[in-house]
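Beneath this line is the structure, given in structure tokens, with notes to follow.
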Amino acid sequence: MRGLSWHIASWKWLIPILLLKGLLFTYFAWELHRLEGDKLIAGIFRVYDDTRSYYDPIENLVDGKGYSRYGYAEYGEQELVPFAGRLPGLLPVYGPLYAVLGQKAARAVMVLLQFLMGCLGVWLMGQIAFRLLKSQTMAFIVMFLYLIYYPLHIYEHAGASESLSMFFCLLSFGFLLKYAEKDAWKWLVWAGIFFAWAVFLRPVFGSLLVAFALVLIGTERRSAGEKKGLYWNLKIISIFFLPLLIALSVWSTRNSLTMNRFIPLEDAWHLSYPHEPEYRPGGMAIRKLIRAWGGDMLYWTHGSMGNMLMNPKTDGDIAKDLPKRVYTPDYQADSIQLLRDFYLEGKQEKAASMAVRFLASYQQHKPLEAYFFSRIRLTVKFFFRLIRHDLPFPSRENIQPYQLLIKGFYILYYYFWAVLGLLGGIYAWGKKNTSQLKKWLLFPLSMTFVLTFVLGMIEERYLLPLFPFMLIYGVYLLFQWPFMRKIIPLSVNS
């Protein structure tokens, strides 16, 4: 690929990206419309369960009612309630659109904006890969592989924040690399601004705080005669995090004034969504118990422990479905069945009391399982879940042959690059003269640690910010193979 017509940094790449991505965007819009057309606004905006919590407070604010939401009508609540369950990261984008266009048109335009930003994000992925891998060939392959990654196109239709948060995170990475190259303060400031915006869209990006700080400390100072030291490191870290600190200060002040509580990020789930059973005492206690077992606590994920214990639509056999390792001398399958019954009957306090006792027993009798091996299991499930649930295809009984082929392709595509990316990260860590690749491993490692070891949250959508690293390190490993370099010669670094 020495003969690339354009340099990887050329804006001309946006033309084929726009065309190819447009085809995929349109195809998945068609599939979504066939599967759940009743959940689409203007034929392209997909309403999720979370959509109200993102969009309603912004619409109320623009309507002069403050950043608030109405209580759920099905529970008889009609009063406006000040809301801090979502950070207002979508406000600067959706707020003006809603004020000018109204709800339906504004939401449709949001999807189009997410698509355009997604196109720019693919181009940015190429720039990031080029600066890390020092090869146009490898950068082009990473860019193409990222372009066909299906969650990009699905989440661009979503009434949520995944698409924009990923774009702003890529912008932050890009400006950080630009700062390392050019040594100009403006790039560091821009990196900090877009990192702050990514956090305000998806607080899980806050898990990258330590990684950003360590990468910044390891950034070489290019200006002649400038010595690095403690003062210098504190200075660059402060500049980078200043936008986030300012934004959080404004947000927490608003929360203190309107809600009489200190809320630096998002409010507690049981206060933001008091009528959701999974966030009430029984639900939260069961989630902690499932996390200690090393299980998926999401009740809507088919086959998960959360689905077994908290979903009223699931009618399984606890004794058969739960693994034997979760039991202790203090409780067996019949006790877990009683716990499930209490929860589904709305007896939250009884369910909470039982789950707390079971958790204490598990931690006492099986401490290694509860505190360590459970997290290893969560990590493996997170990256290597057997079934991909987020493709917009019907159930196995109704899926069409061509959809089955597409699903099979994406399953193989994901697992190939997940395994190769993991091996590539290990290889880069052990290889000499790969200091930058070693430092950038901190980003996926820190997010993975927080998601699996700290929070126990392994939703598939959280793979979206991790998959680019799988591609970068996977492609890097692939080209360490001499045969691969013969088939596809590496381009020059410039």
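Assorted remarks:
- Residue order, fewest to most beta carbons within 10 Å, for LYS407, LYS65: LYS65, LYS407
- To the nearest ten degrees, helix 374-383 and the longest principal axis of the Cα atoms of the chain are 60 degrees apart.
- Qualifying trypsin sites (Lys or Arg not before Pro) for the stretch 425-456 [loop in DSSP, other Cβ within 10 Å: at most 11]: LYS432
- Percent of alpha-carbon pairs separated by more than 17 Å within the stretch 269-383: 52
- Pairwise Cα inverse-distance average, inverted: Kirkwood Rh of the stretch 57-171 (Å): 16.1
- Fewest-first ranking of MET354, MET457, MET297, using other Cβ atoms within 10 Å as the exposure measure: MET457, MET354, MET297
- Sequence-distant residues sharing a close amide H with ARG69 (under 5 Å, placed H): VAL81, PHE83
- Size of charge dipole - the chain - debye, nearest 20, with Cβ of Lys, Arg +1 and Asp, Glu -1, no other charges: 2180
- Nearest 10 degrees, 0 to 90: helix 91-101 Cα axis against the chain principal axis: 80
- Gain on full stretching of the segment that runs from ILE246 to GLN480 - 0.36 nm per residue minus C-alpha separation: 79.8 nm
- In loop segments of the stretch 236-296 as defined by DSSP, the chymotrypsin sites (Phe, Trp or Tyr not before Pro) with at most 15 further C-beta atoms inside 10 Å of their C-beta are PHE262.
- For the chain, relative contact order (Cα pairs under 8 Å, six or more residues apart, normalised by length) works out to 17 percent.
- Take the Cα of ILE217, go 7 Å toward its beta carbon, and the backbone nitrogen atoms of the stretch 430-447 under 19 Å from that spot belong to 435-447.
- Unsatisfied cross-links (Cα-Cα over 28 Å) in the set LYS178/LYS432; LYS313/LYS350; LYS320/LYS381; LYS39/LYS347; LYS407/LYS438; LYS134/LYS182: LYS39/LYS347; LYS407/LYS438
- Computed on the Cα trace of the stretch 322-424, the radius of gyration divided by the Kirkwood hydrodynamic radius gives Rg/Rh = 1.13.
- Given the chain, longest segment not containing exposed loop GluC sites (Glu not before Pro) (DSSP; at most 14 other Cβ within 10 Å): 80-219
- Against the set (i) 66, 56, 54; (ii) 80, 53, 52; (iii) 116, 68, 42, the structure's computed Cα extents along the principal axes in Å falls on (i).
- Phi to ³J(HN,Hα) by Karplus 6.51 cos²θ - 1.76 cosθ + 1.60 over the stretch 117-130, Hz, x for Gly, Pro: 5, x, 4, 5, x, 5, 4, 4, 4, x, 5, 5, 4, 5
- Degrees separating the helix 14-36 axis from the principal Cα axis of the chain, which is the longest one: 20
No lab work stands behind these numbers, since they all come straight from the coordinates. Every value quoted in this text rests on a predicted model; they were computed, and no experiment measured them. Glycine also receives a Cβ, built like all others from the backbone with ideal geometry; neighbour counts cover every protein chain displayed.
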